[in-house]
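Structure first, commentary second.
The values are calculated or read from the model by the stated rules, or taken from the named source; none is laboratory data. This structure is a prediction, so every number in the text was calculated from the model and none was measured. Here Cβ is always computed from backbone atoms with ideal geometry, including for glycine, and neighbour counts include all displayed protein chains. SASA here: full protein model, heavy atoms, side chains in, ligands and nucleic acids out. Shrake-Rupley method; radii C 1.70, N 1.55, O 1.52, S 1.80 Å.
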Amino acid sequence: MLLLTFIACSNSDESSEIDNSKPSNLSITGEIIGTDINNPNGDGNGVVDFNITATNATSYKVLINNEVLDLTKNVFSYTFTKNGTNEYQIIVSAYNSNGFISTTYNIKVYVNNGLELIWQDEFDQNGTPDPSKWGYNIGNGDNGWGNGESQYYTDRPENVIVENGLLKIITKKEDFSGFGYTSARMLTANKFDFTYGRIDVRAKLPAGGGVWPAIWLLGANIGSVGWPACGEIDIMEYTGNTPGRIQSALHTTSSSGNTVNHKGISIQNETTEFHLYSMIWTADSIVFMLDEQEYYTYNPEIKNDATWPYYRDQFIILNVAMGGALGGEISPDFDTSIMEIDYVRVYQ
C-alpha cells in the first residue's frame, strides 16, 4: 500500500503542468560496501552508501525496503538485513517549494549477517492483539512498576487495538478507576524472551504535552532479583514536551533511575511519520539505531552483574505513559493521542 501511494503521488506530479522551477535532473546511485570481482553484490554486511543528485532540490523523500526516509542531505547510508541476495526497488523524490519529481532505482544486495527472524508480530489481524504473544500490566503501577504517572493502564479496545495492519496504543483523557487518563502497557513476559540478537520496531509516536511512549526490554528474572538488578534496556523513549528528540538508556544496579548510561538523538516528523527503532545486542555491546543510523553504544570496560546483567533473557514492553518522572507536565489541552506500530521483529 505504501509503495502504491508513493507511485500514485509521482504519477500525479508527472501529469501536472511542467514547471521549470521545480527540481530536475534527478538520479540516485548506490555504492555497495565490500564489493569486488568475487562479490559483485557486496561481502555480506548489507551496507550501501547512496548519493542523490538533482538540480534545484531542497529536500528528498526515499522509499527503501518498505520504509520512508525524509532527508535534507543528498547522501545517506542504509543497511539491508534480509539474508541472501535480494533485489530492491528504491523510489526517490526531490522537493522544493514549487513541487517535486520522482525516479526509481534498482539495486541487488547480498547479506550474510547470520541473523534469522525468530519472533515477530506484523499486526495483520484486526481486533485484539495476539494473546499468545502479548499480555498486559493493568493499573497505575504504584505497586512497584510506575513512576508517579497519571494514567491507568487497561487492556480495553478503547486503549489497545489492531486496525488495518497497525497496533494502536491509544491514550485518552478520561476519568477511570480514580485516574484522569487511560492507556495501555503491553509485554511479552512469560510468552517470549530472548538473549542477544536484533530487535526492530517501526512506529509512529504520539503527540501532546505529557505523553511518554517507550519501546523497551526488561530482565525476565525481575520476579526473583528485582529491579534494577534484572537490567533494563530502553530502546526508545520520547516525551511530548521535548519534541524532535528521542533517547536510549540502560538501567543497572551501577546506574539506575536517573542513569548516566543514556544518549539522545534528534528526530524529525516523529509523530506524523513512521521511523525504525532498532537495537543490536551481543555479548560485548548494545547498539542503538534510528532508521539504521547508529547513535549510541553501551560497552562498559568492566562487565559484571552491576554493569552488565545483559547475559540473561529479556522480554519486550510497549507502552505510553502520561506525566510522571520523565513525561512531565501534562498539557491542559490534551485529549487523545495514539502510538502506532507497524511491526516488531526479533532476529538472532
Only residues in the range 264-290 that are closer than 18 Å to residue 217 by Cβ and outside any strand (DSSP E or B) count as the first member; pair them with residues that are among the β-branched types (Val, Ile, Thr) and modelled with pLDDT of 95 or more, Cβ under 7 angstrom, at least 6 apart or cross-chain, and list the lot. 285/297
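Going residue by residue through the range 300-309, is there one that turns out to be within 25 Å of residue 135 (Cα to Cα), at pLDDT 95 or above and of a type outside the set (Lys, Arg)?
The answer is yes; a qualifying residue exists.
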Tell me, yes or no, whether the range 182-192 has at least one residue that is over 25 Å from residue 233 (Cβ atoms) and either touching a residue at least 12 places away in the same chain (Cβ under 8 Å) or not aliphatic (A, V, I, L, M) (or both). yes
For the subset of the range 48-67 comprising residues that are surrounded by fewer than 18 Cβ atoms within 10 Å (Cβ to Cβ) and touching a Ser or Thr at 6+ places or on another chain (Cβ under 6 Å), which member is nearest to residue 100 (Cα to Cα)? 59
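Within the range 68-84, track down each residue that is outside any loop (DSSP other than H, G, I, E, B), of a type outside the set (A, V, I, L, M) and buried (at least 17 other Cβ atoms within 10 Å of the Cβ).
76, 78, 79
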Counting only residues that are open to solvent by 10 Å² or more (accessible area, probe 1.4 Å), part of a loop (DSSP other than H, G, I, E, B) and of a type outside the set (A, V, I, L, M, F, W, C), how many does the range 204-236 have? 5
Those residues of the range 90-109 which are part of a strand (DSSP E or B) and without any contact (Cβ under 8 Å) to a residue 60 or more places away in the chain, in sequence order: 104, 106
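Answer with yes or no whether residue 105 is in contact with a Gly (Cβ under 9 Å, 6 or more places away or on another chain) and either charged (D, E, K, R) or at pLDDT below 95 (or both).
no
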Here's a check for you: in the range 19-45, which residue that is under 15 Å from residue 94 (Cα atoms) and not in a strand (DSSP E or B) is modelled with the lowest pLDDT? 19
Is it the case, given these coordinates, that residue 294 is open to solvent by 40 Å² or more (accessible area, probe 1.4 Å), of a type in the set (Asp, Glu) and farther than 28 Å from residue 183 by Cα? yes
Since residue 87 meets every condition but one in (1) in contact with a Lys or Arg (Cβ under 8 Å, 6 or more places away or on another chain); (2) part of a loop (DSSP other than H, G, I, E, B); (3) open to solvent by 40 Å² or more (accessible area, probe 1.4 Å), which condition does it not meet? (2)
So if I check each of 252, 239, 271, which one is more than 27 Å from residue 69 (Cα to Cα), open to solvent by less than 50 Å² (accessible area, probe 1.4 Å) and of a type in the set (Ser, Thr, Tyr)? 252
Does the range 110-130 contain any residue that is farther than 30 Å from residue 61 by Cβ, without any contact (Cβ under 8 Å) to a residue 40 or more places away in the chain and open to solvent by less than 30 Å² (accessible area, probe 1.4 Å)? yes
Has the range 54-65 got any residue that is in a strand (DSSP E or B), free of Cβ contacts under 8 Å to residues at least 24 places away in the same chain and either over 19 Å from residue 86 (Cβ atoms) or touching a Phe, Trp or Tyr at 6+ places or on another chain (Cβ under 7 Å) (or both)? no
